[in-house]
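Asks: Sharing a structure, written as structure tokens. Questions coming.
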Amino acid sequence: MNSVHSSSSQTVNTNTLGSIFQMQLNNQSIVNQNDFQMAINSNPPILQNNTAIPDSIESIIQKASEVYNLPAKLIKSIIKHESNFNPRTVSHAGASGLMQLMPQTAKGLGVTDIFDPLQNVMGGSKYLRNMLDKYDGNLVLALAAYNAGPGNVDKYGGIPPFQETQNYVKKVTNTFYT
């Protein structure tokens with residue numbers, strides 16, 4: 001049994017915590033297809049952070065936004081949390097580039113140079129669009145699949161009980177919706 005100990009020495013089942021977190025996310029309006037469509041059609045404010053986005057990357061994001069019918073701010077939110085706009089970033093798991101694509105995933109998306117910002121952002125955006133289509137526009141599930149893989153989302157019937165994935169979904173959606 002997965003558990004954590006609270007300060008009062010009580011054992012809390014982390015599977016229950018994961019289920020509670022998932023239920024809370026699923027009950028939020030962010031999973032509503034209509035809200036996602038409204039976000040696509042709106043002009044949300046620029047990301048509020050201290051990271052300057054180079055013009056060359058900004059133009060790539062705009063292109064990917066148009067090609068894959070995604071809000072540019074959603075792509076920026078993912079890049080912010082995946083690589084903080086550093087195209088040379090490599091994770092401990094081997095994900096690389098602005099949108100932190102795994103090598104096999106990148107290859108399947110037609111990306112031949114994972115560190116090339118254009119290929120990486122176009123590939124990552126294509127993958128995100130695929131996940132949104134797979135999960136009927138459910139942004140929370142699409143982000144969970146982007147982070148943990150669709151196999152894990154399918155296996156658990158929602159957001160997997162991985163702290164990293166739960167935190168990722170929360171951070172990206174918070175950035176996107178603020």
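Asks: Show me the helices (runs of 4 or more DSSP H) entirely contained within the range 73-171 in which 3 or more residues are over 14 Å from the mean Cα position of the chain (by Cα).
Replies: The qualifying helices (runs of 4 or more DSSP H) are 103-108, 117-134, 150-156.
Asks: Does residue 175 qualify as being under 16 Å from residue 53 (Cβ atoms) and under 13 Å from the mean Cα position of the chain (by Cα)?
Replies: The answer is yes for residue 175.
Residue by residue, here is whether (1) at pLDDT 50 or above; (2) touching a strand residue (DSSP E or B) at 6+ places or on another chain (Cβ under 6 Å) holds:
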site	(1), (2)
10	no, no
47	no, no
50	yes, no
66	yes, no
84	yes, no
89	yes, no
96	yes, yes
102	yes, no
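The values are calculated or read from the model by the stated rules, or taken from the named source; none is laboratory data. Every value quoted in this text rests on a predicted model; they were computed, and no experiment measured them. Every residue, glycine as well, gets a Cβ built from its backbone with ideal geometry; the counts of neighbours run over all protein chains shown.
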